[in-house]
Amino acid sequence: MSTARQTWVPATMTATPRNQLNAAAAELSSRIRGAVRTCEPMRRHTTFRIGGPADIFVQPADRDDLAEALRFSRAKGLPHAVIGNGSNLLVGDKGIRGLVIRLTPRFNEIQWLEDGAVVGAGAPLARLVKEATEAGLSGLESTVGIPGTIGGALATNAGTDTGSVGDLVIGATVLDRDNTLQEWGARQFAYRYRYSSLSQEKAVVVSARLRLEPASREEIAAKVQRLRYKRASRQPLRAWSAGSVFKNPRGVAAGKVLDRAGAKGMRVGDAQISRKHANFLINRGRATAAEMRELIARAHALALRRYGIDLELEIEIVRE
Ligand SMILES: Cc1cc2nc3c(=O)[nH]c(=O)nc-3n(C[C@H](O)[C@H](O)[C@H](O)COP(=O)(O)OP(=O)(O)OC[C@H]3O[C@@H](n4cnc5c(N)ncnc54)[C@H](O)[C@@H]3O)c2cc1C
């Protein structure tokens, strides 16, 4: 199984003693305006509702805060991870070492233009779709029902068979690995199916410029409605999940492969493969990350054994 997306924190990183964490958090807190907490349960910040504590959890109030938090983590030699709504993440039971920097619900300003928008990285896609419909701007309809932020969507090139966010990007303001604000053009993201260069470049999106097409509000609203209905009829949207766990292999849907292999309903503890959609793994209530990982491994092995298909992860597994 591909491990390309499993590289956030070195597996050998050991836990920092509590008093050192508190001291580091207090120091960071004195330097920024946003909230800083220690040992924050990540299950509160992921749609799987799974995940142990983040050593230091930061919600920057603005760009200066964000830059300061990134500077701080580098100066102290602490790893950091930037997250949006945590809707594509499986965080380990022992949590995340170092800093977790959550951009939403801040960074949520949206400036509407005649043919697009400038959007803060923390803005939810759901709000974008709603306001774009009201503004008579088409292009975002394919993202309806994706519970992420625009920052997360740019990082993962979120989308469906009707289009991906990367198709709409003109450019973005990013903080690069040297903590310098840069203007990126669309090409720098090197977009392909559910991939962007952001994590490889260790760059953080602050805001993005999107190109949208003026269109009739009624037509956009009808398309949104149709796609929302289609999603609700196929996916277990009320369950705790991270959406599709595996990427679609070329020419076939991962969900179909798993369905035909008989994966629906398979269970490890409280982790279960949805009976509605075989590529959605759900937390029935108290699933642990270990249970979810075991279920993912079993689904992967099943597809390999039955059809010789080596499914690649779409979600990110954040190891403790
Ligand atoms: C019910 C459900 C349905 C879904 N349907 C779809 C779908 O149809 N299509 C699809 O593609 N996905 C889908 N997803 C997965 C997920 O919603 C998307 O991948 C979404 O774009 C992730 O956004 P997020 O804000 O939650 O990012 P997170 O999960 O918080 O983070 C994902 C990645 O983005 C990075 N990141 C986040 N913000 C930034 C930033 N500002 N700068 C740099 N990197 C950043 C993180 O470091 C991480 O690597 C679904 C999930 C659920 C729960």
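A short reminder: the numbers here are calculations on the coordinates, not readings from a lab. On a predicted model such as this, the values are computed, not experimentally measured, just so you know. With ideal geometry, Cβ positions are generated from the backbone for all residues, glycine too; neighbour counts draw on all protein chains shown.
Worth pointing out:
- GNM flexibility winner over the chain from M42, M292, M266 (Cα, springs under 10 Å): M266
- The chain, helix-only ellipticity at 222 nm - DSSP H runs n ≥ 4, -39,500 (n - 2.57), divided by all residues, nearest 500: -9000 deg cm²/dmol
- Distance from the alpha carbon centroid of region 109-141 to that of region 232-271 works out to 29 angstrom.
- Extension gain, E134 to L237: 0.36 nm times the residue separation minus the Cα-Cα distance gives 34.6 nm.
- Trypsin sites (Lys or Arg not before Pro) restricted to DSSP loop in region 105-201 with at most 15 other C-beta within 10 Å: R177
- Candidates V165, V252, V119: whichever shows maximal mean-square fluctuation once the chain is modelled as a Gaussian network with Cα springs under 10 Å: V252
- Cα gyration tensor shape for the chain, rounded if a/c is under 1.5, else prolate or oblate: oblate
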